Every structure is written in structure tokens, then in C-alpha cells.
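The values are calculated or read from the model by the stated rules, or taken from the named source; none is laboratory data. Since this is a predicted model, take the numbers as computed values, not measurements. We place every Cβ from the backbone using ideal geometry, glycine too, and count neighbours over all the protein chains shown. With ligands, DNA and RNA removed, areas are computed over all heavy atoms of the protein, side chains included. Shrake-Rupley method; radii C 1.70, N 1.55, O 1.52, S 1.80 Å.
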Amino acid sequence: MVGLKLIVQIPAYNEEKSIANVIREIPRKIKGIDKVEVLVIDDGSKDNTSKAAKDAGADHVIRNTKNHGLAYTFQKGLNFALKLGADIIVNTDADFQYDQKEIPQLLKPILDQKADIVSGNRKVETLTHMIGAKKYGNILGSKVVKISAGYDIIDASSGFRAYSREAALQLFVISKHTYTHETLIQAGHKNLKVIEVPVTFRKREGHSKLIKSVSSHIKKSLATIVRNTLMYNSLKFFSYTGFILIILGLIPFIRWFYLSYIVYTAGNHIQSLLVGVMLMVFGGMSILIGLISDILAINRKHLEEILYHIKKLDFEKR
Ligand SMILES: Nc1nc2c(ncn2[C@@H]2O[C@H](COP(=O)(O)OP(=O)(O)OP(=O)(O)O)[C@@H](O)[C@H]2O)c(=O)[nH]1
Ligand SMILES: [Mg+2]
């Protein structure tokens with residue numbers, strides 16, 4: 001690969017105090033890369049984030065007129081970076097928690113053509129400055145993402161990552177809250193190779209902009225994970241659920257049939273009949289929902305393929 005361009009993108013919301021430190025720490029000369037540019041996406045900050053970024057030497061600063069959330073801003077950043085002709089995109093946070101001097105470690109597996117996405121593993125279980133609820137929420141989230149994505153991942157909530165151009169063209173984030181889990185699940189189902197490298201994770205100065213409360217963050221993240229898991233495994237999920245319901249329904253149904261027609265006991269055992277039939281009907285409906293959502297998922301797959309080709313043409317390197 002020759003003449004490679006790296007865009008380091010920083011989604012930021014009210015980070016005027018730390019963004020300059022992040023930008024100044026980004027290495028501008030990296031082995032194997034010809035050009036490094038910094039792109040800041042200011043998500044409608046109420047402070048002077050954009051100005052601080054420009055003053056610190058950001059090459060591109062774009063701004064949302066209102067706050068759209070991290071996930072939307074991340075996708076906007078990817079598209080903008082592709083438009084700028086990025087061969088590799090590194091996403092980092094604006095809060096100075098990641099050490100930008102470690103960017104070359106993130107790039108290496110992509111430069112060696114051994115990965116499409118490289119994610120920084122913060123080793124959360126060893127972090128003394130991360131509160132317990134966040135730490136265990138992170139660990140739990142990573143385990144669920146690992147099952148859903150279908151490959152090993154230790155730290156699924158890390159924002160410090162490198163994406164090859166091909167990977168960036170194939171990701172379509174639709175969540176509102178955060179993109180970290182959705183991108184990994186999509187990568188798994190698009191056969192993109194994801195690997196992790198250990199990275200430093202400093203204590204946050206100032207309060208979290210993303211996490212208003214740990215419980216609501218966990219709730220929103222789990223909702224995203226469930227939604228994305230269902231997106232790719234709907235037929236499996238709903239047909240297993242359907243078969244289980246049908247088997248559960250067969251038990252009271254057979255009881256009713258046995259008592260009413262084989263041994264002729266007193267009473268009509270209508271409760272068993274009702275429960276049995278209801279469970280079996282729900283089971284049948286679940287299988288039907290599985291089939292319908294599978295058709296929708298196939299449609300989304302086709303749409304994503306079309307979008308990928310449009311993006312590829314649109315962002316063709318000129
Ligand atoms: N664009 C955008 N970025 C955001 C928003 N909220 C947070 N961010 C940025 O996303 C990155 C991560 O947010 P943080 O608040 O540090 O969240 P976190 O790292 O998961 O949590 P902490 O450990 O508390 O720092 C930072 O660069 C924030 O500026 C938002 O609403 N919009
Ligand atoms: Mg942070």
C-alpha cells in the first residue's frame with residue numbers, strides 16, 4: 001500500500017478543556033502512513049470545543065447545529081473521513097483518556113493486512129479508577145457482544161479503534177446512543193476481521209458526557225445489543241422460541257386429550273385445552289414472526305450492499 005492517508009476522528013461534546021491535549025498528542029509522523037489529518041466532529045457543544053480544536057491544530061472541524069448523540073456523530077465522522085480520502089480511520093475520544101501515542105499500535109495489524117478493525121483493549125478489570133458498576137457493566141456487555149458477534153472480544157465498549165477504508169464503507173450505525181457494540185456486531189456478520197490490542201486508559205478529568213447514569217447507559221446499551229442480535233439472528237431466535245412454546249403447549253393439550261378421550265375422566269378439562277392451544281398458537285406466531293423478520297433482514301442486507309456500492313462510488317478517491 002502506498003500513499004496512505006490516516007484520518008484521526010474525534011467526536012466531541014462539550015470537551016473544550018481536554019480536546020487540545022488530545023489533538024496535540026496525536027503523532028503526525030507514523031511509519032507506513034504518508035499523511036495524518038485530524039477531524040473533529042463537534043456535536044453541538046455549548047462550550048468552545050470547536051474553537052479549542054481549531055486552535056490546537058485540527059485540520060477539519062465540522063459541527064452539528066444541535067446535539068445528535070455519539071452514535072450519529074461517529075457515523076457522520078466516518079462518512080466525512082471517507083470523503084476526505086482516508087485509507088484508515090482512527091476514532092478516539094475527546095476526553096484525553098486514551099493515549100494517542102499508541103495510535104501506531106492500532107494501525108499495525110491493518111497495515112500488515114491482518115485485520116479490518118483494531119480495537120483498543122482497556123483491560124477494564126485491572127482499572128482502579130473505573131467504578132464497579134461501570135466495570136461490571138462493561139464486562140457483561142462485552143460477553144453479550146461476543147456471543148452476538150460470533151468472535152472473541154474482551155472490551156466491546158472501547159472507543160479507541162482503527163478502521164480500514166473497506167470496514168468504514170461497510171458500517172451503518174443506526175443506534176442513537178453509542179456505536180461501539182453495534183459496529184462490532186455488524187463486523188462479525190460482514191466477515192470483517194476484528195482484533196484487539198492492549199491500550200492505556202487514563203482517569204477521566206471532568207464528568208462523563210455520554211453516561212448520564214450507569215443504569216440508563218447499561219439499559220440503552222443492552223437494548224442496542226438485543227436489537228442488533230435480533231437483526232442478524234431473528235429466524236433462529238423466533239423459531240427456537242416458537243418450538244419451545246409449541247412443546248410447552250403440547251403438554252396440557254395432550255393431558256386434555258388423554259383425560260377426555262382415552263380414560264374418559266369426569267369434567268371437560270377445558271383449562272388444559274385453552275392453555276395448550278394458546279401456547280401452540282403463540283409458538284406458531286413466533287415462527288411466523290421469525291420468517292417475516294428474516295425476509296426483512298435479507299432486505300436490509302441487500303440495501304446495505306447497495307449503500308456500500310453507492311458510498312464506494314461517492315467517496316471514490318479522486
Ligand atoms: N458527538 C458526541 N459525542 C459525545 C456525546 N457524548 C459524549 N461524546 C463523546 O464521546 C466520547 C466518549 O464519551 P465519554 O463521556 O468520555 O464516555 P465514556 O468514555 O464511555 O465514559 P467515561 O469513562 O465516564 O469517560 C468523548 O469524546 C465525548 O466527548 C454526544 O452526545 N455527542
Ligand atoms: Mg471517556
Inset, instruction - Extending each Cα 7 Å along its Cβ direction at Ile251 and Ile139, get the distance between those two points in nm, one decimal. - result: 3.5
Legend entry - the range 240-249 - phi-based ³J(HN,Hα) in whole Hz, Karplus 6.51/-1.76/1.60, Gly and Pro as x: 4, 4, x, 5, 4, 4, 5, 5, 4, x
Inset, instruction - Describe numerically, in nm with one decimal, the distance between label points set 7 Å from Cα along Cα→Cβ at Met278 and at Gln105. - result: 5.7
Legend entry - Mean accessible surface per residue for the range 1-139, computed with a 1.4 Å probe while every protein chain stays in place, in Å²: 44
Inset, instruction - Just tell me which aspartates and glutamates come within less than 14 Å, Cα to Cα, of Lys193; anything on the same chain fewer than 8 places away is out. - result: Asp112, Asp116, Asp152, Glu166
Legend entry - Karplus-derived HN-Hα couplings along the range 103-115 (A = 6.51, B = -1.76, C = 1.60, θ = phi - 60°), whole Hz, x at Gly and Pro: 3, x, 5, 6, 6, 3, x, 6, 4, 7, 6, 10, 8
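Could you sort 194-201, 16-23 so that the peptide with the highest average Cβ count within 10 Å comes first and the rest follow in order?
Result, highest mean Cβ count within 10 Å first: 16-23, 194-201.
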Legend entry - In Hz, Karplus ³J(HN,Hα) per residue of the range 14-23 (6.51, -1.76, 1.60; θ = phi - 60°; x = Gly, Pro): 6, 10, 4, 7, 10, 4, 5, 4, 5, 5
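Between Leu230 and Asn191, take the C-beta separation as r, use R0 = 22 Å, and let me know the FRET efficiency to the nearest 0.05. Spell out each step's value before the answer.
Numbers: r = 20 Å, r/R0 = 0.90.
Using R0 = 22 Å, I get an efficiency of 0.65.
So how much slack lies between Ala266 and Phe243, counting 0.36 nm per residue of separation and subtracting their Cα-Cα distance, in nm?
Length gained between Ala266 and Phe243: 5.1 nm.
Grab the other residues whose beta carbon is less than 12 angstrom from that of Ile62, score K and R as +1, D and E as -1, and report the net.
Details: positive: Lys54, Arg63, Lys76, Lys83; negative: Asp42, Asp43, Asp59.
Surrounding charge for Ile62 is +1.
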Legend entry - Interchain or long-range residues, amide H under 5 Å from Val40's placed H: Ile10, His60, Val61, Ile62
Legend entry - Highest to lowest packing among 143-149, 273-279, 300-306, 47-53, scored as the average C-beta count within 10 Å: 47-53, 143-149, 273-279, 300-306
Inset, instruction - Could you tell me which of the pairs Lys190/Lys219; Lys5/Lys101; Lys76/Lys311; Lys135/Lys212 are separated by over 21 angstrom between their Cα atoms in the structure shown? - result: Lys190/Lys219
Inset, instruction - Quick one: net charge around Ala167, please, counting Lys, Arg +1 and Asp, Glu -1 for every other residue with C-beta under 10 Å from its C-beta. - result: +2
